[in-house]
């Protein structure tokens, strides 16, 4: 059993670490002149962060999640609404789950 | 005439207003409700590790970063391995540095205290939301703060439910909750597509991230993939 004082102290330490990651990016960029080249880099990086989450997560998941992501991508391309895409994706995932996939 | 010009300029400059905060809160709500099963799952998992509810709720209040909170559960034993815990949480959350950097051209134009407010509640989901809002012409960074606060409150409340009563709720994936975040992120990515010039940077990001899951410590594949996409994009089109 972890002592409550130690637990609270550890949570505070981990909070500082996490806060540093949240503030760190903008803090670093405040020392960098944002040229058009840097801005292009940041724009591609922004989409790439999400791609780097989506692709490995999807590949590692069950086939019903592949179908959910594919459905969401199609809906997003057609409607330009990320929210409708998400709802359709979740519905596909739920339907496939209930079909036993 | 001069006054008119100033008014037009100020209408287009990045800002941070109460209206934006509220808009962020409302617009993230349909996505934030899907955090509930994950918050409950975290509360349940923490209870299973004999972590008292007040500590797991404190984690959700103070750390507020789901993936890292799940990761630290495996390291939660007496005496607490503080260095390992700190390094694990740093590795899993280091992607925030890149999210923040990507927001810098926007956030560096608003006052420093408000900038901090927008950043302290930064998460993958409200970053994705802010990106798609920006795509629609949003200039008010208050949406980041508002959406962050809304998700934070839901995360805290659902952790508490899971920690106190979670074992009675059963498996929530039958409703498709487990697909919500990944489908939402996928949809935001599709919305960012600007044509064939994006193909190689995106492929680079995907390939490096996938390879990274095999060869890098947990969490770092996201950083490697993000940097790869940024570098290829700048190299070809910067």
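Among B:115, B:236, a tally of other beta-carbon atoms within 10 Å of each Cβ gives an order, fewest to most, of B:236, B:115. Working note: 222 nm ellipticity from helices only, DSSP H runs with n ≥ 4, each -39,500 (n - 2.57), summed and divided by the residues of chain B, gives -23500 deg cm²/dmol to the nearest 500. In plain terms, the C-alpha convex hull of chain B casts an average shadow of 15.7 nm² when viewed from every direction.
Take the Cα of residue A:33, go 7 Å toward its beta carbon, and the backbone nitrogen atoms of region B:86-113 under 17 Å from that spot belong to B:105.
Note on A:97, A:43, B:49: ascending count of other Cβ atoms within 10 Å places them as B:49, A:97, A:43, the fewest first.
Sorting A:84, A:48, B:158 from the fewest to the most surrounding beta carbons within 10 angstrom yields A:84, B:158, A:48. Start at zero, step by 10 Å, and the Cα-Cα distances of the protein assembly as shown spread as 6, 24, 35, 25, 8, 2, 0, 0 percent across the bins. Projected label points at residue B:199 and residue B:49, each 7 Å from Cα along the beta carbon direction, are separated by 4.5 nanometres. What percent do you get for the relative contact order of chain B when only Cα pairs under 8 Å and 6+ apart count? 32 percent. Label separation (residue B:214 vs residue A:5): 5.0 nm, computed from points 7 Å beyond Cα along the C-beta direction.
Semi-axes of the equivalent ellipsoid of region B:1-135 are 37, 17, 12 Å, computed as sqrt(5λ) over the eigenvalues of the C-alpha gyration tensor in descending order. Taking Cα pairs under 8 Å and at least six residues apart, what relative contact order does chain A come out at, in percent? Over chain A, the number comes to 19 percent. Across region B:24-80, counting alpha-carbon atoms alone, Rg and Dmax equal 12.7, 43 Å. The alpha carbons of chain A occupy a box of 54, 47, 22 Å along the principal axes, longest dimension given first.
Just so you know, all these numbers are worked out from the coordinates, no wet-lab data involved. Computed from a predicted model, the values in this text were never measured in an experiment. Glycine gets a Cβ as well: all are built from the backbone with ideal geometry, and neighbour counts include every protein chain shown.
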